[in-house]
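The values are calculated or read from the model by the stated rules, or taken from the named source; none is laboratory data. This structure is a prediction, so every number in the text was calculated from the model and none was measured. Note: ideal-geometry Cβ built from the backbone for every residue, glycine included; neighbour counts use all protein chains shown. Accessible surface areas use protein heavy atoms only, side chains included; no ligands, DNA or RNA. Shrake-Rupley method; radii C 1.70, N 1.55, O 1.52, S 1.80 Å.
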Amino acid sequence: MSSRLRRHAAPLSLLLTLGLALAGCQKESPQESGQSRTDMPSSNELRPGDLTYVRELAAKHDGVVALDLSDEAQYRFLRSRVAAAGKTPEKYPQFFAMLQSVRERHAARKHGVSAQAAPEVPRDHMIGKVIVGPDGRTFEATAFSTVQGGADYSFLDVVVWDEFQKQQVSDYGWGEVYADGRKLWARATGVLPADPNALLFVDSASIVSFNGEEQVVFKSLTVAPSPGCEIIHPQDLAPVARPDNIVTICLQRNNGDCDYPMVAIQQVQIPLQGTMTFPFPVTSINNTVDTYAKLVEESGGPRQMAFGTFFSWLQINPADPRQVRWSIPQNQGVFTGILFRPYEDVDLFMSIDVTMNRGGRPTRVVKQFSSSPTFTPGMACVPKIQISYSCLAEGTQVKLAGGKSAPIESIAKGTRVVTDGSGQALRVADTTVGTESIPMVHLRDEAGHDLLLTGTHPVMTPDQGVVWAEELKVGNRVVTDSGVSTLVKADREMFKGAVHNLKLDRTSLNERREAKGSTLYANGFLVGDVSMQRAYEFKDRAAVTAELLARLPSKWQVDYQNSLKTGRLPQGP
């Protein structure tokens, strides 16, 4: 059974009743009138002014606030949100025990401050685009969150209102994840207001239990529902005859299916060029937390790289002031952070915060998009992005059809190479070449086979299946052209020469194979080609998920089991 459980567009009877009736109320909150909030009784019932009060707290911190649950109005607000998701103390005892624990901690450290800025935590909490449907009337809005390395529990919701924050125009979308939380999204759907130029107000609450600490964050944005983006770079630059709609970023490689070289091992450098169009003339671009460009690990893990000077490259188009444009050359499009794994799928997130002139009235709005279909469904501005670095050292002898061998650097497209012990041969569909800036793995077996390859190149073994070269140790058994052999060397060393890789054409294979790619003999070792490298990029994901579920604290087990009984299993992006 999956460790994940999500809800999408759950019934909103409670929140609809309270939200529609109370969102527009302007009654003073108890704090505004001078009444002590801590003297008010705890309750599930959202009172007039609570919603407005929480929104005002968020507005003071650029739309993001860590909720103080010792404040009764903030606590009531959160209770009404989770009640709309079907959360009750009877079915979810640990969830409510968690909220109570947070309340007690907040009360203990409170010194006359009812709210605090969002904490620095290893996580993302973002509101995505509002995507208009083909009918031009309906829309879908998303919220997205990640927790680096996973969490014991993660909850997320999203609600859309009219731009004046008085009328709810969507259903209530929410999601939750147990024993993972690296990637979670919520979706809400609704009908657009009659005004074609109308903006929308989107808010989202996120609750995370992470390593014994909990964070409760509320975020809100005013967004424009129209897409309005055009991306020139990055793009798939492959010839028209073989486009794969994947932007491939390669470590110092400049041919094959490589769109942009990474240039340096600790940074990704790609050109960024495009435009984003807003519904009204832009008067200023705001340098806030909502103006950014970053690359994020597609799986929601801890790897993320940011482009630190995105704001300084943004310009209002003088020919069309509704449009913000940017043109960043590759040598200045530097993303730094935690380097991605080889053949890692990554998402490019871009966001721009502006102030528009809407009929003489200044209006602030944020527009976001990404290459993630989960975060911005239907937004094809940016294709999928993949980081690639894995090859064999030049001079490596590859076994060809007919029994001869040739150095890998001499092998061209169309060459037939032997792919397994049966003698099956496949044609080479593509090649890559470049240099390697990190230590490679030097393997030697008892039969005298000797091979230098990158640490993340797939190697076939008789008892472990496909493993990365860097995982092999002396004494491990491997598959070679002379049968099963034992390693006598598995060291790391630098290599100054060129490195190469091959992609084999599997279309001629009639039978189904267990391996999700092709193999070839390299200096006698049976190793994988590019296709296998990509297919096994997440080969350990199942083990990681099982490990995360195994560490789910026992106190969460009742909540998790009830979620399985009352919910449905997660749907894909």
Karplus ³J(HN,Hα) for region 460-476 (6.51 cos²θ - 1.76 cosθ + 1.60, θ = phi - 60°; Hz, whole; x = Gly/Pro) runs 8, 10, x, 10, 10, x, 7, 9, 6, 4, 5, 8, 7, 10, 4, x, 5
Debye log10 I(q)/I(0) at q = 0.30 Å⁻¹ for region 169-221, Cα point scatterers:
-1.31
So how exposed is residue 129, as accessible area in Å² (1.4 Å probe, rounded to 10)?
10 Å²
Largest to smallest accessible area among 183, 91, 399 [probe 1.4 Å]:
91, 399, 183
Any chance you could run the full-extension gain for residue 406 through residue 463? It's 0.36 nm times the residue separation minus the Cα-Cα distance, nm to one decimal.
17.6 nm
Can you pull the accessible area of residue 494 for me, 1.4 Å probe, Å² to the nearest 10?
100 Å²
Among the listed pairs 294/489; 91/219; 294/473; 91/129, those beyond 31 Å (Cα-Cα):
294/489; 294/473; 91/129
Let me check I've understood the local charge: for residue 165, count other residues with C-beta under 10 angstrom from its C-beta, Lys and Arg +1, Asp and Glu -1. What total comes out?
-1
So the FRET efficiency between residue 100 and residue 491, C-beta based with R0 = 51 Å and rounded to 0.05, is 0.40
By the C-alpha gyration tensor axes a ≥ b ≥ c (rounded if a/c is under 1.5, else prolate when a/b exceeds b/c, else oblate), the shape of region 434-507 is oblate
First select every other residue whose beta carbon is under 14 angstrom from the beta carbon of residue 366; then total the charges, Lys and Arg +1, Asp and Glu -1.
-1
Would you mind putting 471-482, 185-196, 309-320 in packing order, based on average other-beta-carbon counts within 10 Å, highest first?
185-196, 471-482, 309-320
Tell me the label-point distance for the pair residue 364, residue 564, using the 7 Å Cα-to-Cβ offset, in nm and rounded to one decimal.
4.6 nm
Could you give the C-alpha radius of gyration of region 61-104 expressed as a fraction of 2.2 N^0.38 Å, taking N as the number of residues it contains?
1.21
Can you pull the three principal axis extents for the Cα set of region 120-227, in Å, largest first?
47, 25, 20
Using the per-residue mean of other Cβ atoms lying within 10 Å as a proxy for protection, in what order, highest first, do the peptides 49-55, 171-177 fall?
171-177, 49-55
What FRET efficiency would be calculated for the residue pair residue 317, residue 132, taking the C-beta separation as r and a Förster radius of 22 Å, to the nearest 0.05?
0.45
